[in-house]
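Structure, as structure tokens:
Just so it is clear, none of the values below were taken in a lab; they were calculated from the coordinates. Computed from a prediction, not measured in an experiment: that's the story for all the values here. Neighbour counts run over all protein chains shown; Cβ positions are idealised from the backbone, glycine included.
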Amino acid sequence: MLPPLSTVKRGLGRTTEALALELAGAGGATPDWSELEWRLAAAAAAAHGASPLLCRLSTWEQPAWRRFLETQREHVAQRHRHIAALLERMHAGALMAGVAMVPLKGSALHAIGLYQPGDRPMADIDLLVDEQDVAAAAQLLRDCGYVESFVHWKHRVFKPAAGAVPVGLGEHRDAPINIELHARIQERLPVSAVDITARILPRDGAPGLHAYPSNGALMSHLLLHAAGNLCGRSLRLIHLHDIALLAARMSERDWAVVRGEDGEATSWWALPPLRLVARYYPGAVPAAMLAALAPACPPWLRAAAARQTLTQMSCSALWLRALPGLEWSRSAAEAWRYLDRRIRPTDDMRQERADMARTQVWLQGESWVTQSHGSRVLAWLTRPVPRMDTLYVLRAAWEHFAPVA
């Protein structure tokens with residue numbers, strides 16, 4: 001049984017911030033934590049995708065903690081081999097089908113050598129194709145043994161035709177490798193979509209797998225993805241680490257791509273994630289870049305970004321927020337649209353919620369997701385409501401470290 005959630009909330013915040021400092025290299029000696037705090041640290045490390053990297057980079061020597069990290073790194077290393085083999089199949093299939101594909105985010109970071117096998121977990125493979133090639137790409141995935149699971153507004157999700165999701169804390173070698181097929185690279189911030197597809201699509205369109213056109217294009221995607229997660233209070237520590245590592249390889253030309261060029265509007269959405277990276281990784285982000293982006297960022301968002309922490313903007317903040325991302329509205333009209341959708345969800349939003357409840361293991365058996373929208377709104381207004389994703393990983397941590405009878 002979990003301790004009182006008020007105790008969990010405080011401990012989760014302390015351990016999350018300590019993990020962020022440790023991963024950034026600013027940590028110190030092994031913390032003198034209670035058993036409760038070490039369990040919370042393991043839960044936070046798993047939720048933030050940082051366990052395998054901490055195995056290699058952390059100096060903390062608590063025995064149960066070290067065993068957990070080492071096991072996580074083994075699972076991620078084995079899973080990486082499966083993903084690499086699957087990407088090779090995708091490349092061969094794309095050549096035959098005449099389709100150009102860009103493996104996104106984690107796959108690209110591994111491809112350019114920012115991570116060693118076993119460093120960074122990947123829940124799935126993201127692939128970008130031109131809109132005219134979506135049908136051919138979908139058929140290629142089916143030929144590789146995949147079936148379509150559901151359609152999200154950003155992508156189509158494919159899963160292996162066979163295979164169950166292992167239940168437990170963190171990464172598992174046998175977890176199915178899902179594939180998300182994108183025709184656009186976009187995020188709703190909070191209701192209007194920001195689209196950077198043109199920065200990322202291959203310029204020549206030759207069949208096969210392609211790298212991003214530049215580090216600037218890759219960084220633009222990492223930052224937009226992080227912005228979307230900030231907007232939804234679902235940022236992960238691994239997102240900040242990705243950006244900090246890539247920033248060390250960026251040229252002035254790359255940063256120009258991030259700012260926006262060739263007639264694009266200045267990337268106002270890039271400032272909040274970069275400020276958060278600068279908070280935990282001092283010196284990683286050029287001060288000139290922060291200064292260049294600041295004028296285009298709405299003043300209320302700029303002010304909010306100046307004081308945000310990883311805990312506040314992630315699942316480490318235990319309670320659900322009734323209006324997450326409202327500060328990302330760029331006008332009063334957009335704020336009103338956001339509020340209207342929170343009160344009266346669209347049919348598409350209701351379908352997305354139903355798809356999540358059906359496909360996400362951390363929502364299985366949770367009555368919260370099947371309640372009416374009105375009941376959930378009433379709960380937000382009258383009492384603290386814990387996040388389902390956070391509760392899932394906390395319960396997994398308690399079971400993982402339970403004493404053997």
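What you get for region 8-82, charging only the Cβ of Lys and Arg (+1) and of Asp and Glu (-1), is a dipole of about 300 debye around the Cα centre.
With an 8 Å Cα cut-off and a minimum separation of 6 or more residues, compute the relative contact order for region 180-273 in percent.
Values: 89 pairs, mean separation 25.7, N = 94.
Relative contact order for region 180-273 comes out at 27 percent.
So how do 51-63, 279-291 stack up, highest first, on mean other-Cβ count within 10 Å?
51-63, 279-291
When the charge dipole of the chain is built from unit charges on Cβ atoms (+1 for Lys and Arg, -1 for Asp and Glu) and taken about the Cα centre, the candidate among 245, 235, 164 whose Cα reaches farthest toward its positive end is 235. In a GNM of the chain with a 10 Å cut-off on Cα contacts, which of 121, 272, 202 has the highest mean-square fluctuation? Evaluated over the chain, the most mobile residue of the options is 202.
Over region 272-328, what relative contact order in percent results from Cα pairs under 8 Å that are six or more residues apart?
Details: 24 pairs, mean separation 21.2, N = 57.
Relative contact order here is 37 percent.
Computed from phi, the 3J(HN,Hα) profile of region 166-179 under the Karplus parametrisation 6.51, -1.76, 1.60 (θ = phi - 60°) reads x, 9, x, 8, x, 7, 9, 4, 8, 5, x, 9, 6, 10 Hz, with x in place of Gly and Pro. When only the Cβ of Lys, Arg, Asp and Glu is charged (+1, +1, -1, -1), the dipole of the chain relative to its Cα centre reaches about 1000 debye.
Each Cα pair under 8 Å and six or more residues apart adds its separation to the average, and for the chain the resulting relative contact order is 17 percent. Ellipticity at 222 nm from helices only: DSSP H runs of n ≥ 4 in the chain, each -39500 (n - 2.57), divided by the residue count, give -15500 deg cm²/dmol. The Cα trace of region 267-401 gives Rg and Dmax of 17.9, 49 Å, the first to one decimal, the second as a whole number.
Please state, as a whole number in µm²/s, the translational diffusion coefficient that the Stokes-Einstein equation yields for region 1-135 at 10 °C and 1.306 mPa s, with Rh defined as the Kirkwood radius across alpha carbon pairs.
Details: Rh = 17.0 Å.
This corresponds to a translational diffusion coefficient of 94 µm²/s.
Computed from phi, the 3J(HN,Hα) profile of region 373-387 under the Karplus parametrisation 6.51, -1.76, 1.60 (θ = phi - 60°) reads 4, x, 5, 5, 4, 4, 5, 4, 7, 10, 7, x, 10, x, 6 Hz, with x in place of Gly and Pro.
Residues whose amide H comes within less than 5 Å of that of residue 178, counting only those at least five positions distant or on another chain, are 125 (H built at 1.01 Å from N in the peptide plane). With q set to 0.06, 0.11 Å⁻¹, the log10 of I(q)/I(0) for the chain, from the Debye formula over equal scatterers at the Cα positions, is -0.23, -0.86. Each peptide among 127-140, 156-169 gets the average number of other Cβ atoms lying within 10 Å of its residues, and from highest to lowest they stand as 127-140, 156-169. Computed over region 320-385, the alpha-carbon pair-distance distribution with 5 angstrom bins reads 3, 15, 21, 25, 21, 11, 4, 1, each value a whole percent. Taking the Cα centre of region 169-221 as origin and assigning +1 to Lys and Arg Cβ atoms and -1 to Asp and Glu Cβ atoms, the resulting dipole is close to 180 debye. Amide H contacts under 5 Å for residue 149: 157, 158, 159, restricted to partners 5 or more places along the chain or on a different chain, H placed in the peptide plane at 1.01 Å from N.
Exposure proxy shown here: for 65, 328, 380, the number of other Cβ atoms within 10 Å sets the order, fewest to most, as 380, 65, 328. Summary of the geometry: region 268-328 and region 30-92, compared by the centres of their Cα atoms, lie 26 Å apart. Derived scalar couplings between HN and Hα for region 17-34 equal 5, 5, 5, 4, 5, 5, 5, 7, x, 9, x, x, 5, 4, x, 8, 9, 6 Hz in order, rounded to whole Hz, by the Karplus curve 6.51 cos²θ - 1.76 cosθ + 1.60 (θ = phi - 60°), x for Gly and Pro.
If packing is taken as the mean number of other Cβ atoms within 10 Å per residue, what is the order of 11-21, 171-181, highest first?
Numbers: 11-21: 20.8, 171-181: 18.6.
My ranking of the peptides, most packed first, is 11-21, 171-181.
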